[in-house]
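Report on one structure; see the data block that follows.
The values are calculated or read from the model by the stated rules, or taken from the named source; none is laboratory data. Keep in mind that this is a model prediction, so the values were computed, not measured. When we count neighbours, we look across all protein chains shown, and the Cβ atoms used for this are built from the backbone with ideal geometry, even at glycine.
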Amino acid sequence: MHTGGSDSEKAWFTKGFIDGLRWSANQKNVNDSQVQPEPSQPSRSVDLADLLYQVEEQRLQKRELKSHLDDAVGILQEMQGYMLSSLSNSTDSPLSSSPASATTSPIVDPSAPNSSFPSAVIARPRAPPPQARPRYDHVEEIRKLVPGYYDPAVDSPTGTTPDPIIERALNSLFRDAQISGSSSNAFLLVKHLCREAHGTTASARSVGQRYILRKWRNPEIGTWNTHPGLQLSVPLANPLANDTPEVWYAYLKAYPSTWPKGIRAHPESKEPIFELVVGSRIYALLRPEMSDLRIEFITALLDLFTVPGQYKALLRELQIPLAAQTSYRALGIRNHEGPLTKVDVAKHYASCGVTVEAVEAYVEPWAHIFEQDRRK
């Protein structure tokens, strides 16, 4: 590490020499004040001494700054050397070394005085290196727990009817994961299998992968139970689009975090209001499949159904025919210029057989709640 050496001695010598010049100049000023010089005869020696002093003082400051920089570079080089030696020692030492035999690495104590000098470098114990974790082989484990999990899905194009042995084994794994909690091996295994199945193309998924994507549901927060004797049922599967409102009601009741807009809980039972679920499912089945039309559709729908009795009035005034049978289907393409209107929504609902009574009981209450949730 650079300590200043000869540069420091030269700097102090120059400083003493300049101080002597300044003292000499001051003495000459005192003598000149006693003998008043003529204004036309300035003291050139005094000006020259001041100029020389300023120049040498700047040079001295630069040398001192360079000396500090050299010291800092030296300290950084030492710290780098200590770090490299520590890393090499960690690589060479076995993982089973005891804490008592752990080496120490010198580091700079920032609280020590003159911490930029080597005297402030102290030795502190270095933590032993972490032990390597064994590689987790989930494939081997799932083959033991669920024989046939990775078998190709050749029995059905969608893989909805797995072997009963696979289904029972996976349901048992689901129960263990639901009961034991998010840090258990069963839960971590299920989540690993879900990630693996999502990362596999649909055509290449096995029967077990397709089953786990359809059936597994994360438990609600706060429902973990650590009592081994408690038996939980298999998590409800995600309902299909054409499932009845009763199926959707049971699913939303079990998983409140999945409630869509327009659903409210009963003030006493805290369960979803069934009428709102029906209105939500009617909208989900009748809305356009094209995403660019959905914004126009929901805007026109709220314009229609947030006004009580407007649907009934439009059917009567415009003589819109009402289908005799209920047949829910998505709205197709736009058949006129400009955005969709509430008349288009009324015609579509009427063509699907949505009666005035159904609108008053289910659709209009849902539309009011949906509009409130949309503004939040």
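Among the conditions (1) surrounded by 17 or more Cβ atoms within 10 Å (Cβ to Cβ); (2) over 28 Å from the mean Cα position of the chain (by Cα); (3) modelled with pLDDT of 80 or more; (4) over 15 Å from L145 (Cα atoms), R210 misses just one, which is (2). Output the number of residues of the stretch 263-298 satisfying the condition of being exposed (fewer than 15 other Cβ atoms within 10 Å of the Cβ) and among the hydroxyl-bearing types (S, T, Y). Summing the residues that are exposed (fewer than 15 other Cβ atoms within 10 Å of the Cβ) and among the hydroxyl-bearing types (S, T, Y) in the stretch 263-298 gives 2.
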